[in-house]
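Novice: If you scroll down you'll find the structure; I have some questions about it.
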Amino acid sequence: MSETTRETTEKTDPLNALLREGVRGAVHAPGSRGHERGRTGMQQVDRHAPDAVVEAAETEDVRAAVAVAARLGLPVAAQRTGHGHGTGMRGGILVDTRRLDGVGVDPERRTARVGAGATWQDVIDAAAPHGLAPLSGSAPGVGAVSYTLGGGLGLMGRRYGYAADHVRNLDLVTADGDHRRVDARSDPELFWALRGGGGSFGLVTGMEFGLFPVEHLYGGSLYLDATDSPQALDGWRRWAEQTPEELTSGVSALVFPDMEGVPGPMRGRLVVQVSLAWSGPVERGPDLVEPLYSLAPVLMDTLRELPYTESGAVFDDHDDPAAFRGEGILVDALEPGALTGLLRLAAAERPFMSVVWLRHLGGAMARPPEVPGAVGHRNAAFALSALTFTEPGSPDDAAAAALRAEVAGLFADRTLGRSANLSFGAVDADEVRAMFAPEDLRRLVEVRERVDPHRRLHTNRPLPSPERTG
Ligand SMILES: Cc1cc2nc3c(=O)[nH]c(=O)nc-3n(C[C@H](O)[C@H](O)[C@H](O)COP(=O)(O)OP(=O)(O)OC[C@H]3O[C@@H](n4cnc5c(N)ncnc54)[C@H](O)[C@@H]3O)c2cc1C
């Protein structure tokens, strides 16, 4: 046995034994397949390296894992799909929630109750037979709970608001191991914080939220050749600003790689992919999108009527494991000059892959919800995310960071703050601060200090210490 293996085993064996006493699901030690599976997900940058992975089989396992962490003073975290983790944890206990994927739909009340491990596709499939749909986003493979804790801007966001706005209650294990249901009456401040403030307040084991009577969309993507159309992004912006609230749209700008698997017409081209979901009367869809066809030559067109169960086809997001980073920026307006500059940056040749995302916000997302929540910068008109794909430790990391900073710089004059959900990879304290208005940040930190005074929860959007909220 090597020195390192012996050290690891000495540290982790008593912990694993303790966890096995209280957990009905599996407890995985470092080096095992379950440990590797639990800590691996879509995001490959800085994966977690916990002392133990608890593969929870029931919600009681989550409570048991948090109680052991509290007793031993260890950090504890949850992961479902790994789409959104930030800085990886070093040591401690990671709760793998994949088996807690139950979804119950109440068609009368138009609500769903989900376990911590349900993905949006699980919810979509359970709701569709009742003619209902959730406020899911572009990639239905993401976990419904974490998406909602970060606000959740979805395909019907402009019509119905953020996913967080429609949460009825959450079941939460706080850092002391206490398991409770939180709603607007039981603990209004904690309920406010959980709906948009991120995962700093406990591990969520269940969530109930509203569903909407939508069965079909008119949607998909129009892939435009922007090589000779520098105004393509601004054309989309002008069009989007005129669209009704039943339409939510976004754009990706990138040079498609010239390789097998990429549709022929797009290989090596600068493509502006306009993606949209219209949830109004389907027959009106084609007329609404007509102006987009004259923005630039059309390379591919996937717009059609589709059942909500196929909503993942709208943006057709890249959803395979990858190492990527991205700053999500929220702006009050997109200026034509900045958009032309953005397209120029997207077009430049680089040794690494990069994509720029823009999402149209406003509508119900800009209005206060019935029960207030902590979603930051609701008045933003657009969200922007510059994504770069480089392997950990790549010599291109510095150039990728410089590109993301350059993109952010183009919009500095109109920037309101950061987006919790559209920021990818580790975020620093300044970025988390920028996700909320100062007063809301102070409230969030106060709630966190109440429910996790020792800051044991390892989360992807860590709130600052009280003295650093200013
Ligand atoms: C391709 C892609 C498309 C996306 N599209 C959208 C979109 O359209 N709209 C949008 O709003 N967001 C979008 N996102 C962002 C996504 O919602 C977040 O990354 C979200 O955190 C992913 O949740 P997850 O459970 O899948 O990921 P995970 O990586 O498993 O979890 C992310 C973090 O959430 C916390 N967490 C997880 N489970 C729990 C729990 N049970 N209790 C408390 N905290 C928990 C942990 O800190 C964890 O590190 C997208 C992301 C990607 C990669």
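Novice: Can you give me the C-alpha center-to-center distance between region 254-275 and region 167-210, rounded to a whole angstrom?
Specialist: For region 254-275 versus region 167-210, the Cα centre distance is 42 Å.
Novice: What is region 337-396 by shape, rounded, prolate or oblate, if you read a ≥ b ≥ c off the alpha carbon gyration tensor as root eigenvalues and call it rounded for a/c under 1.5, prolate for a/b larger than b/c, and oblate otherwise? Please report the intermediate quantities before stating the final value.
Specialist: Details: a/c = 4.85, a/b = 1.98, b/c = 2.45.
Judged from the Cα gyration tensor, region 337-396 comes out oblate (a/c at least 1.5, b/c at or above a/b).
Novice: Within a Cβ distance under 9 Å of Glu327, other residues only, what is the Lys/Arg minus Asp/Glu net charge?
Specialist: Values: positive: Arg325, Arg404, Arg418; negative: Glu431.
Residues close to Glu327 contribute a combined charge of +2.
Novice: Please say if region 297-435 is rounded, prolate or oblate, where rounded means a/c under 1.5 for a ≥ b ≥ c the square roots of the C-alpha gyration tensor eigenvalues, and otherwise the choice is prolate for a/b larger than b/c and oblate otherwise? It would help to have the intermediate numbers written out before the result.
Specialist: Values: a/c = 1.45, a/b = 1.12, b/c = 1.29.
The shape class here is rounded.
Novice: Here is a further query. Could you please state, rounded to a whole Å, how far the C-alpha centre of region 22-91 is from the C-alpha centre of region 437-470?
Specialist: So the two Cα centres are separated by 22 Å.
Novice: Spelling out what I want: for every residue of region 112-127, take phi, set θ = phi - 60°, compute 6.51 cos²θ - 1.76 cosθ + 1.60 (Karplus), and round to whole Hz; glycine and proline get x.
Specialist: 10, 10, 10, x, 4, x, 6, 8, 4, 5, 4, 6, 4, 5, 6, 7
Novice: How would region 3-96 be classified by its alpha-carbon gyration tensor: rounded, prolate or oblate, with rounded meaning a/c under 1.5 and the a/b versus b/c comparison settling the rest?
Specialist: Numbers: a/c = 1.58, a/b = 1.12, b/c = 1.41.
Oblate is the answer for region 3-96, as a/c is 1.5 or above yet b/c matches or exceeds a/b.
Novice: Something else: Can you grab the distance from the C-alpha centre of region 114-152 to the C-alpha centre of region 319-372, Å, no decimals?
Specialist: One Cα centre to the other: 22 Å.
Readers should treat all values here as calculations from the given coordinates under stated rules, not as data from a laboratory. Owing to the predicted nature of the structure, the values given are computational and were not obtained by experimental measurement. Backbone-built Cβ (ideal geometry, glycine too); neighbour counts: all protein chains shown.
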